[in-house]
C-alpha cells in the first residue's frame, strides 16, 4: 500500500487547522486589527482590559496620537450611554488618560488638552457631589499640572486657558486652608487674572468676566476668614478686583441675571469689608406701572434675590429678598394711605406724629433693644415730608432690624406712603446696597443725586 495518500491526508488536515487558527493568530500581530479591537473595547466599557492590551501593544500603537485621541472619544461614547453619577468615573478616567497621552505625543494638539481638562472637570464635579474632597483635589491638581504644561506651547486657545483658570480656583477651594495659604492665594489670583485676560476676546465676555469676579470673591472671603489681621490687605485687593470684573461683566453685551447678581454680591462684599472710595451702585430695573404703585418710582435689582409675594395681607406690595449667603429673607413692604385714614387717632397727613407714635409702640415689642434711630426728618421744608425711624434688638427670641419710612410728596395728592423693612438675619444689615438703592428710588433720592451730578457736569454713575 502506497504511503502517499497517508501523507497527503496529513497535509490536508494540517491545512485545515491552519485555515481555522491562522487568521486569529495573524490578527494578534496586525496593528490595524489591534487598534480596531481597542476601539470596540472602549465603547464597551472594557477599560482595564484595553489598558492591558495597550501596554503590550507595539510602540507604533501606544505612541499613535490619532489612535489615543480616538480611544478617548470612544470612552466618552460609553460615558454618554451611562446614567449620571459615580458610575461615569472609569470612562472619564480612560478618556482623560488617552487625551493626555495624545497631547504629550503631539504638543500642539490643544483639542486633546481641552478634552482632557473637560473630563477632569466632570470628575471633580462627581467627587464634589460625593463629598470626596481629597479625590476632587487630586483631580484639580492634575488639571492644573496638565494645563500649565499645555500652556507652555505657543498658540494655546482661550478655551484651554479658561479651563485652567477654573482648575486653579477648584484646587484652591479644595486645599487645606492653613497648610497651603500662600499657594491657595496664588491659585485664586492666577485663575481670576487668566480669565480677565481672555474675557475681551471671548464669545461671551460677560460669562468669563463673571467667572473672574466669582474667583476673586472666593479669594477675598478666604483671606478675610483665614487671616483676619489689619496687616493683611490681599482680601481688600481681591474684593476690588471682584467688583471691577463684575462691573465689566454687566457692561458687556448680552449680560444676564447671573452677572447682575454677581455684581451685587461683589458690591455688598466690598461695602462690608469697609473698602473706601466710590464703589458704585447695583444695577436696578424699574418696576412696571401695572406691578407698582402710582406716584412711586420702584426699582429692584436686575439680578436674582427679590421675590414678589402674591398675597401680602394688608400691604399693597410685599417682597422677600434673599441673596446668596443669607440665612433667611429680608421682608420689604409698601402701603398706600389716604389722608382720611388714621392710626392711633392720627390721620395720615400727620406723618411726623404717626412716625413718632409708631416708633414708641414698636420699640415696646422688643424684649431687648440694642440700638435705635429716633424719628428723624429726611425731607425738605417745602418738598416731600419724609420721616424715618429704626430699632435693632431682640424680638421673639430672634435678632431683628426694623425700619420704617412714612412720607407724602405733595399735600394736594392727599396720599401718604409707608415702607417697612424687617431684617431677620443673624447679622442684619439694612445698609446693603440694593436695599439702599430701593429706598432711594422710592423716596426720589436717586433722581436728586443724578440731577446734582448733571448740574456739576459729571457723568451719571452706577
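The values are calculated or read from the model by the stated rules, or taken from the named source; none is laboratory data. Quick caveat, the model's predicted, so the values are computed rather than measured. Glycine gets a Cβ as well: all are built from the backbone with ideal geometry, and neighbour counts include every protein chain shown.
Miscellaneous remarks
- Unique residue being buried (at least 16 other Cβ atoms within 10 Å of the Cβ) and modelled with pLDDT of 95 or more when the list is 220, 202: 220
- Members of segment 341-374 that are touching a residue at least 24 places away in the same chain (Cβ under 8 Å) and assigned to a loop (DSSP other than H, G, I, E, B): 348, 349, 365, 366, 367
- Test result for residue 304, out of contact with any strand residue (DSSP E or B) (no Cβ under 8 Å at 6 or more places or on another chain), at pLDDT below 95 and closer than 27 Å to residue 400 by Cα: yes
- Looking across segment 288-301 at every residue that is more than 15 Å from residue 435 (Cβ to Cβ) and in contact with a strand residue (DSSP E or B) (Cβ under 7 Å, 6 or more places away or on another chain), the one that is surrounded by the fewest Cβ atoms within 10 Å (Cβ to Cβ) is identified as 295.
- Of all residues in segment 15-28, none are more than 23 Å from residue 126 (Cβ to Cβ) and modelled with pLDDT of 95 or more.
- Matching option when the condition is closer than 19 Å to residue 156 by Cα, more than 14 Å from the chain's Cα centre (by Cα) and surrounded by fewer than 18 Cβ atoms within 10 Å (Cβ to Cβ), among 197, 179: 197
- Options 95, 75, 86, 50: the member that is assigned by TED's automatic domain parsing to the domain that holds residue 150, buried (at least 18 other Cβ atoms within 10 Å of the Cβ) and modelled with pLDDT under 95: 50
- Considering segment 233-282, the residues that are assigned to a helix (DSSP H, G or I) and touching a strand residue (DSSP E or B) at 6+ places or on another chain (Cβ under 8 Å) include one that is surrounded by the fewest Cβ atoms within 10 Å (Cβ to Cβ), namely 261.
- Scope segment 307-340; condition within 16 Å of residue 438 (Cβ to Cβ), touching a residue at least 24 places away in the same chain (Cβ under 8 Å) and assigned to a strand (DSSP E or B); matching residues: 317, 321, 330, 331, 332, 333, 334, 335
- Residues within segment 383-423 that are part of a loop (DSSP other than H, G, I, E, B) and in contact with a strand residue (DSSP E or B) (Cβ under 6 Å, 6 or more places away or on another chain), tallied: 1
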